[in-house]
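Quick notes on the structure that follows.
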Amino acid sequence: MTRSIRIPFNRASFVGRELDYLDEVRASGDYAGNGDMTRRAEEILTASLDGATALLTTSCTSALEMSALALNFSAGDEVIVPSYTFVSTASAFSAHGARPVFADVRADTLNIDERHVDGLISARTRAIVVTHYAGVGCEMDAILALGERHGLAIIEDNAHGLFGTYRDRPLGGMGDYGALSFHATKNFSSGQGGAVIAREASAVERLRNIRENGTNRAAFERGDVDRYTWVAQGTNALPSELIAAVICAQVEERTSIQSRRQMLWERYAEALAPWAREHGATLAHVPAWCDPTYHLFHLLLPDEATREGLREHLLARGILAVSHYVPLHSSPMGLALGGRVGQCPVADDVASRVLRLPLFVTLSDAEQAEVIEAITDFDATP
């Protein structure tokens with residue numbers, strides 16, 4: 001029987017001047033990428049990154065793949081990645097010659113456990129990839145120190161964390177490369193879209209070439225060369241001006257979007273804390289030195305049976321709450337690439353117990369109150 005969903009997990013929406021900017025692009029007749037809307041969006045993103053530079057891409061996956069191309073892996077190279085993350089955090093690198101080595105995550109933030117990374121580094125390791133889960137920063141001081149000590153590149157998968165900070169430094173802008181997402185489920189959405197980030201000027205220029213199918217077209221458009229040609233391995237990762245227009249309008253509204261999401265997040269935390277204590281559940285955790293993006297609010301239930309019971313209870317009331325990643329180390333492809341069952345026990349544990357609640361900027365107060373009421377009506381005791 002199909003159940004009617006009245007309160008979805010996510011609802012993407014226009015929040016500012018999206019239609020105005022789309023009309024500007026339509027009127028210009030220039031729909032191809034790297035026009036005025038692309039530059040405007042990149043300027044806003046770059047201004048938030050404390051010296052790093054952002055370039056728009058077609059997706060966060062393409063941004064991660066561009067960083068893999070920039071690192072130019074050789075056969076046998078390895079990249080350390082968290083097991084509890086979206087597949088492209090690993091596949092972007094395995095598709096370009098590096099074998100992912102799966103690291104376990106912390107039980108509190110669900111971020112990569114920096115205490116376990118050192119033991120995974122070998123003579124073949126070229127890079128460490130982190131994911132800022134839920135927009136809460138990883139322990140970047142420790143990760144960056146490992147990178148410096150072993151001569152490794154650091155890549156930040158910051159799909160959840162745009163405009164968040166770790167110890168007052170911007171997420172996505174601390175490592176050698178970073179990646180952003182503007183997917184429909186993210187705080188700032190163009191349906192699909194992303195951005196790649198780099199700190200060094202030479203790396204930025206390399207990424208410009210990679211984004212344009214490996215050509216030096218960017219130099220040609222600046223007038224530095226009289227024609228452009230193929231100079232490196234690359235990909236077609238430049239989004240259209242239509243996508244850039246929506247991204248531009250969304251990030252212009254970052255203060256109001258983040259403020260609303262924070263209000264909703266904090267209301268969940270306050271209202272559900274007594275129920276969580278009574279039922280042995282754990283709420284989302286944010287260290288004091290992190291300024292999060294309030295990308296998602298999750299519960300960690302005592303066990304999988306309780307998680308599924310609550311999910312079904314909410315679904316019966318027309319509320320969609322969802323689990324999250326299947327740990328990569330035990331996935332069919334992860335096993336084929338050297339992962340082992342039981343390799344990351346914390347990732348296995350949290351994956352079986354996590355439940356994400358509806359959280360999006362147009363979630364009304366009444367809708368959230370209904371979610372909270374439904375949860376507090378649920379009795380997890382046998």
Under 5 Å, built H, 5+ apart or other chain: amide partners of V101:
V79, I80, V81
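Rounded, prolate or oblate: which fits the range 184-262, taking a ≥ b ≥ c as square roots of the Cα gyration tensor eigenvalues, rounded meaning a/c under 1.5, else prolate when a/b beats b/c?
prolate
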Scaled radius of gyration (Cα, divided by 2.2 N^0.38 Å) that the range 276-338 gives:
1.44
Pairwise FRET efficiency - A142 versus S122, Cβ, R0 = 22 Å, nearest 0.05
0.75
How far apart, in nm, are two points set 7 Å out from the Cα along the Cα-to-Cβ line at A95 and at E43?
3.2 nm
How much of the DSSP bridge set in the chain is antiparallel, in percent, rounded to the nearest 5?
60 percent
Rounded to the nearest 500, what is the 222 nm mean residue ellipticity of the chain from helices alone, with -39500 (n - 2.57) per DSSP H run of 4+ residues and division by all residues?
-12000 deg cm²/dmol
Within the chain, what is the longest stretch that has no trypsin sites (Lys or Arg not before Pro) placed in a DSSP loop and near at most 12 other beta-carbon atoms within 10 Å?
7-226
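Relative contact order for the chain: what is it in percent, counting Cα pairs under 8 Å that are at least 6 residues apart? Kindly include the intermediate steps, with their values, before the conclusion.
Numbers: 815 pairs, mean separation 86.9, N = 382.
Rounded, it is 23 percent for the chain.
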Roughly speaking, what is the stretch gain from Q233 to R167, that is 0.36 nm per residue apart minus the C-alpha to C-alpha distance, in nm to one decimal?
20.1 nm
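Within the P(r) computed for the range 1-123, what percentage of the Cα pairs occupies the region above 21 Å? List each step's numbers first, then the result.
On the way: 4728 of 7503 pairs.
Beyond 21 Å sits 63 percent of the P(r) for the range 1-123.
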Sort out for me the Cα centre separation of the range 25-72 from the range 165-215, rounded to whole Å.
7 Å
With the crude spin-label approximation of a point 7 Å out along Cα→Cβ, what separation in nm comes out for E266 versus A32?
4.8 nm
With Rh as the Kirkwood radius over Cα pairs, the range 18-252 has Rg/Rh of 0.97
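How much length, in nm to one decimal, is gained on full extension between S74 and D226, taken as 0.36 nm per residue of separation minus their Cα-Cα distance? Let's see the in-between values first.
Values: separation 152, 0.36 × 152 = 54.72 nm, distance 3.31 nm.
Fully extending the segment from S74 to D226 adds 51.4 nm.
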Sorted largest first, the Cα spans of the range 254-376 on the principal axes come out in Å as 46, 34, 25
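Every number in this text was worked out from the coordinates using simple rules, so none of it is lab data. What you see is a predicted model; the values in this text were computed from it and never measured. Positions of Cβ are backbone-derived with ideal geometry, glycine not excepted, and every protein chain shown enters the neighbour counts.
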